[in-house]
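Chemist: Below is the structure I would like to discuss, written out as structure tokens.
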Amino acid sequence: MGSLQVNDHSRFPDPVYRETVLKPLFDGARHFHAQALRRIDRAHLVMLVETGILDAGQGAAIARALQAMEREIDPAALAYGGDVEDYFFYMERELKQRAGADIGGRLHTARSRNDIDHCFLKLGLKPRIDGLLAACRRLLAGLIAVATRDRDVLIVAYTHGQPAQPTTYGHYLGAIIEVLIRDIERIEAARAIVDLSPMGAAAITTSGFPIDRHRVAWLLGFAAPLQNAYSCIAATDYLTSTYSAIGLLFLHLGRPIQDFQFWSSFEVGQLYLPNAFVQISSIMPQKRNPVPFEHLRHLASQTCGRARAVVDVMHNTPFTDMTDSEAETHEMGYQAIDAGLRVLDLMTATIEAGRIDPDRVAVNLSRSCATITELADWLVRSEGLSFRLGHEIAADVARAVVAMAGDLPTDGFSAFKTAFEHHVGRAPAADAAQFARMVSPEHFVAVRDRFGGPAPVVLDRALEGYRAALAGFETKAQQIAAREAQAAAELDRRIPEIAEGA
């Protein structure tokens, strides 16, 4: 008691421990990480041979054994029997059976399950991030296309759940686009952390052997090795950065989803989804239920919750290698990504298919006097009044028009003339035609031609920037894919060469 205990790997594990811990981990490794472990074995072997840590004959025997294992072992067909601790030791046993215990055991020179585990977890995470980023780029492309198409399409913008001002659908989508661009940048930044190889850190401190960490990183498709060896096995910021960024993405997407559901309600009717996206009621024949927005809402929330759970698992964990950050936590994260991909694909489809109903927009703009802010502004510019006085006159006009259930451009001039004379003591300079033009939604948008506004001249410039950002994202993704494909091809070439003694 109290002395250092050395594990006896020959002991049969407790059946409860086997079923609750070892079997799930074995099954997860063979399902999610078998190919990554094969790549790690091959890359590490190449490095050991190239650095002279293993001689050509030893390398050839191991390479041939690894090739045989790839042909003969189907990870999906394996069942955990408790005779080995985990999937790594199962594969090592298979290697020793084919290459001999002495030769097979040499592959593990200068490495540990610590750096191996973090490596295959990163290798499993990178393509999932890439898939998510590709879906983000498709959504971004769809948003830009619809924003361009509907650059001049009027909508009602809401604040506090009430009609506020007119803008255009293109301008509204531009706001979503800008947040999405920043979310993509955050995920790309997280991926850059994932793209650093831990191999060569071994258990904690690297190795006394003359290993080449950069070579292994390259062969595995990483951008570079992560420098500090302790960090390789202790730092989980690649995990927390990734899922924090993912959580933010879907938190942000959830907000316009709320708008779309509100806009598609019968009372608002600003957004119309075609029948291909609409479900009917089983009892009420008149119902058109735009249920994609409901699914988007709860799937986005599921993604946020699962991503946040991954981050929370890392809270108050020791700064060392630990099971908290290992496979089962990653598998929980994969569920977040899977749900997130459904959100991105469905959101892209609904945005591309949806249309703004101009008639409903016109009615809601008319009923709400949503252009009344421009009346106050116009009084400042044209009549020389203070904004506060212009605001009071505009408020009187809005109250009168709403009370009569009228339309501001056609019914508001009389109320305006009365309010102006009451507050200013003289008649306004504008006539009814000038008033109607000035409070029209088209004029409201057109005069807001400052940086960031909805007027066509500034929105067009913004759309050019959004397209440039998308092109930059696509180029970066292509460059990463090309680098990783080149590395994979080199690894595929070197193993047969080593197997032949070359």
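The values are calculated or read from the model by the stated rules, or taken from the named source; none is laboratory data. These figures come from a predicted structure and were not determined experimentally. FYI the Cβ positions are ideal-geometry reconstructions off the backbone, even for glycines, and counts take in every protein chain you see. What goes into the accessible areas is simple: the full protein's heavy atoms, side chains included, and nothing from ligands, DNA or RNA. Shrake-Rupley method; radii C 1.70, N 1.55, O 1.52, S 1.80 Å.
Chemist: Yes or no: Asp115 at pLDDT 95 or above, assigned to a helix (DSSP H, G or I) and either surrounded by fewer than 21 Cβ atoms within 10 Å (Cβ to Cβ) or touching a strand residue (DSSP E or B) at 6+ places or on another chain (Cβ under 6 Å) (or both)?
Modeler: The answer is no for Asp115.
Chemist: Which of the residues belonging to region 325-345 are of a type outside the set (A, V, I, L, M, F, W, C) and without any contact (Cβ under 8 Å) to a residue 60 or more places away in the chain?
Modeler: Gln335, Asp338, Arg342
Chemist: If you check Arg106 against the conditions, is it under 30 Å from Ile211 (Cα atoms), open to solvent by 30 Å² or more (accessible area, probe 1.4 Å) and assigned to a helix (DSSP H, G or I)?
Modeler: Here the answer is yes, as Arg106 does meet what is asked.
Chemist: Go through region 379-423 and report how many residues are more than 23 Å from Asn364 (Cβ to Cβ) and of a type outside the set (Gly, Ala, Ser).
Modeler: The number of residues fulfilling the criteria is 16.
Chemist: Tell me, yes or no, whether region 371-394 has at least one residue that is touching a strand residue (DSSP E or B) at 6+ places or on another chain (Cβ under 8 Å), at pLDDT below 95 and assigned to a helix (DSSP H, G or I).
Modeler: Yes, because at least one residue in region 371-394 is touching a strand residue (DSSP E or B) at 6+ places or on another chain (Cβ under 8 Å), at pLDDT below 95 and assigned to a helix (DSSP H, G or I).
Chemist: Does Val363 satisfy being touching a Cys at 6+ places or on another chain (Cβ under 8 Å) and surrounded by fewer than 19 Cβ atoms within 10 Å (Cβ to Cβ)?
Modeler: Considered against the rule, which asks whether it is touching a Cys at 6+ places or on another chain (Cβ under 8 Å) and surrounded by fewer than 19 Cβ atoms within 10 Å (Cβ to Cβ), Val363 comes out as no.
One line per residue, one yes/no per condition, for (1) among the basic types (Lys, Arg); (2) under 17 Å from Phe209 (Cβ atoms); (3) open to solvent by less than 20 Å² (accessible area, probe 1.4 Å):
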position	(1), (2), (3)
Leu48	no, yes, yes
Ala61	no, no, no
Leu66	no, no, yes
Gly82	no, no, yes
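Chemist: Another question about this same structure. Every residue in region 333-358 that is open to solvent by less than 50 Å² (accessible area, probe 1.4 Å) and not hydrophobic (A, V, I, L, M, F, W, C), please.
Modeler: Answer for region 333-358, where residues must be open to solvent by less than 50 Å² (accessible area, probe 1.4 Å) and not hydrophobic (A, V, I, L, M, F, W, C): Gly333, Tyr334, Gly340, Thr348, Thr350, Gly354, Asp357.
Chemist: If you scan region 144-180, which residues turn out to be farther than 22 Å from Ser265 by Cα, of a type outside the set (Gly, Ala, Ser) and open to solvent by 30 Å² or more (accessible area, probe 1.4 Å)?
Modeler: The answer is Thr148, Arg149, Arg151, Asp152, Glu178, Val179.
Chemist: Also, I was wondering about something else. Determine the pairs where a residue that is among the basic types (Lys, Arg) and modelled with pLDDT of 95 or more, located within region 180-208, has a partner that is part of a helix (DSSP H, G or I) and open to solvent by less than 10 Å² (accessible area, probe 1.4 Å) with Cβ atoms under 6 Å apart, the partner being 6 or more residues away or on another chain.
Modeler: Going by the 6 Å Cβ cut-off, the qualifying pairs are Arg186/Ala245; Arg191/Ile129.
Chemist: Another question about this same structure. Being out of contact with any Pro (no Cβ under 6 Å at 6 or more places or on another chain), on the phi < 0 side of the Ramachandran plot and touching a residue at least 40 places away in the same chain (Cβ under 8 Å) narrows it down to one of Gly453, Gly465, Gly501, Gly472, so name that one.
Modeler: Gly453
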